[in-house]
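Notes follow the structure.
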């Protein structure tokens, strides 16, 4: 009976590893940084804020189109969703690895 359970756990581990790879590739495909609106002397300007090493860099984008603003806000929402899902999958992988090693009770 124990072999059946370990087989199911091994299959679930394969699925979790595949999902982890999919989430990481989806995160990599999203545009880097976050679009920020700054109001300077009554005019609205847009900057892309991103991290380069230890520094946070603001890249000037000028006056952005509504399409670009919507694209970056959607990317920000998706990035948060993928990071949350990736975190859950990593915890599940840790648990499954422990269960298959025999350290976790089944």
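The values are calculated or read from the model by the stated rules, or taken from the named source; none is laboratory data. Note that this is a predicted model, so its numbers are computed, not measured. A quick note on method: Cβ atoms are made from the backbone with ideal geometry, for glycine too, and the neighbour counts reach across all protein chains shown.
With respect to the stated conditions, residue 12 fails to be closer than 22 Å to residue 77 by Cβ and out of contact with any strand residue (DSSP E or B) (no Cβ under 6 Å at 6 or more places or on another chain). State which residue is farthest from the chain's Cα centre (by Cα) when the search covers only the stretch 67-78 and only residues that are surrounded by 13 or more Cβ atoms within 10 Å (Cβ to Cβ) and within 18 Å of residue 27 (Cα to Cα). Out of the qualifying residues, it is 71.
Among the conditions (1) touching a helix residue (DSSP H, G or I) at 6+ places or on another chain (Cβ under 9 Å); (2) modelled with pLDDT of 95 or more; (3) under 30 Å from residue 3 (Cα atoms), residue 82 misses just one, which is (3).
Filtering the stretch 89-102 to residues that are free of Cβ contacts under 8 Å to residues at least 40 places away in the same chain and either exposed (fewer than 13 other Cβ atoms within 10 Å of the Cβ) or in contact with a helix residue (DSSP H, G or I) (Cβ under 9 Å, 6 or more places away or on another chain) (or both) leaves 91, 94, 98, 101, 102. Annotation note: of 81, 63, the sole residue that is farther than 22 Å from residue 101 by Cα and surrounded by fewer than 10 Cβ atoms within 10 Å (Cβ to Cβ) is 63.
Within the stretch 31-66, which residues are on the phi > 0 side of the Ramachandran plot, assigned to a loop (DSSP other than H, G, I, E, B) and more than 20 Å from the chain's Cα centre (by Cα)? If the condition is that a residue be on the phi > 0 side of the Ramachandran plot, assigned to a loop (DSSP other than H, G, I, E, B) and more than 20 Å from the chain's Cα centre (by Cα), then 41, 42 are the ones that fit. When 3, 42, 7, 33 are checked against the criterion of being free of Cβ contacts under 8 Å to residues at least 24 places away in the same chain and surrounded by 10 or more Cβ atoms within 10 Å (Cβ to Cβ), a single residue qualifies: 7.
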